[in-house]
Amino acid sequence: MTDYISMPLVDADRLMSEDRVLDTMTEMPWRFGENIPVALNPDNSGIWTDLPGGGRIWQLGIHSEGALSLNLTFGRYRLPRGAELFVYAADRSRILGAFTHMNNQQDGVFATTLLPASSIVVEYYEPAGSEFPGELEINSVTHGYRDAFSYAKAFGQAGWCNVNVACDIALPWQNQIDAVVMMVVGSNGFCTGALVNNTSFNGRPLVLSANHCLRDPSTVVFWFNWQSAACANPSVSPPHDALSGAVTRARSSLTDFWLLELNHEVPVAYRPYYAGWNRSLESGMGGPIIGIHHPRGDIKKFSYAQGVT
């Protein structure tokens, strides 16, 4: 029997009233959730179960009334080899993990992507004879009060000039489309970023975003390939690939850029493409202007304009 902890009630009406103003501010990430501070760890919550052979499992249920999605930020995450962490919807319709020691970060912080559920289970398995006891503490539960997987928030609001990246007009830019990612920032907002190449051409996982999206880089979750497979809008949310955690390499509020480096290499299965750049002072305004992004936290979109000379 899983032991559930209920989160404080979230005033979604108040937050959405605020969003009517915030959504008009293009310099702000699109907010979808309310961060609820907690301090949940195996010493003060959940249930341990001993297994035959000496291993053990810790389970903790989290419920947040009315949540359309839940995601977690661990302020302490350090797993030994052989240990596994899963986070899944209470009905097991969606499962995240296994997260392992490969997800350990230098600062001990780790964040999960969103689960479309109001009740989730955190499950940690530790094998017998582990090199050290695992360390886990959840510091924040993000209650999604706006549906991050719904198109009501963005389809029609992203602007008529934005079309899905599978449309014919976008075909010549499929490589660049694969470079663009959506970022969950501050655990409760969305921004756009893009993988960029370096002069060594070595696949270093650098992501360029905007300084106005700046939040703790250790908690940023990167969504790859969240896009429609057809030009028409899909009837359900398409799948995405995710990676968590990065460090800031450079940023400027003057030019509004934020350069991050992911803590892990991007798997080949994610089809990463590292976009090019140059230091030319020429504006290039005579050619086409291409935009590839996630407007208002929408699935990946493409826009096109002819430059002027």
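The values are calculated or read from the model by the stated rules, or taken from the named source; none is laboratory data. What you see is a predicted model; the values in this text were computed from it and never measured. Neighbour counts are summed over all protein chains in view; Cβ atoms, including those assigned to glycine, are modelled from backbone coordinates with ideal geometry. Keep in mind that these areas ignore ligands, DNA and RNA; they rest on the heavy atoms of the full protein, side chains included. Shrake-Rupley method; radii C 1.70, N 1.55, O 1.52, S 1.80 Å.
Before moving on, here are some points about what is shown:
- Conditions (1) within 11 Å of the chain's Cα centre (by Cα); (2) open to solvent by less than 20 Å² (accessible area, probe 1.4 Å); (3) among the small types (Gly, Ala, Ser); (4) at negative phi: number failed by Ser228: (1)
- In segment 98-113, the count of residues that are buried (at least 18 other Cβ atoms within 10 Å of the Cβ) and over 21 Å from Pro217 (Cα atoms) is zero.
- Every residue from segment 86-95 that is surrounded by fewer than 20 Cβ atoms within 10 Å (Cβ to Cβ) and either more than 20 Å from the chain's Cα centre (by Cα) or not hydroxyl-bearing (Ser, Thr, Tyr) (or both): Phe86, Ala89, Ala90, Asp91, Arg92, Arg94, Ile95
- Check on Ala148, open to solvent by less than 60 Å² (accessible area, probe 1.4 Å), assigned to a loop (DSSP other than H, G, I, E, B), in contact with a Phe, Trp or Tyr (Cβ under 6 Å, 6 or more places away or on another chain) and among the small types (Gly, Ala, Ser): yes
Matching residues to (1) modelled with pLDDT of 95 or more; (2) touching a Gly at 6+ places or on another chain (Cβ under 8 Å); (3) open to solvent by less than 20 Å² (accessible area, probe 1.4 Å):
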| position | (1), (2), (3) |
| --- | --- |
| Asp178 | yes, no, no |
| Asn188 | yes, yes, no |
| Ala194 | yes, no, no |
| Val207 | yes, yes, yes |
| Leu214 | yes, no, no |
| Pro217 | yes, yes, no |
| Val220 | yes, yes, yes |
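- Only one entry of Ala117, Ala194, Ala83 meets the criterion of being free of Cβ contacts under 8 Å to residues at least 60 places away in the same chain and within 17 Å of the chain's Cα centre (by Cα), and that entry is Ala117.
- All conditions in (1) in contact (Cβ under 8 Å) with a residue 60 or more places away in the chain; (2) more than 21 Å from Asn175 (Cβ to Cβ); (3) open to solvent by less than 20 Å² (accessible area, probe 1.4 Å) hold for Ser237, with the sole exception of (3).
- Per-region count, segment 186-227, residues out of contact with any Leu (no Cβ under 8 Å at 6 or more places or on another chain) and aliphatic (A, V, I, L, M): 2
- Which numbered condition Ala305 misses (of (1) within 25 Å of the chain's Cα centre (by Cα); (2) open to solvent by less than 70 Å² (accessible area, probe 1.4 Å)): (1)
- Per-region count, segment 266-281, residues open to solvent by 70 Å² or more (accessible area, probe 1.4 Å) and either without any contact (Cβ under 8 Å) to a residue 40 or more places away in the chain or acidic (Asp, Glu) (or both): 5
- Within segment 165-183, tally of residues that are out of contact with any helix residue (DSSP H, G or I) (no Cβ under 8 Å at 6 or more places or on another chain) and outside any loop (DSSP other than H, G, I, E, B): 12
- Condition met for Val141 (under 27 Å from Glu265 (Cβ atoms) and surrounded by 18 or more Cβ atoms within 10 Å (Cβ to Cβ)): no
- Candidates are the residues of segment 1-52 that are assigned to a strand (DSSP E or B) and free of Cβ contacts under 8 Å to residues at least 60 places away in the same chain; the one that is most open to solvent (accessible area, probe 1.4 Å) is Asp50.
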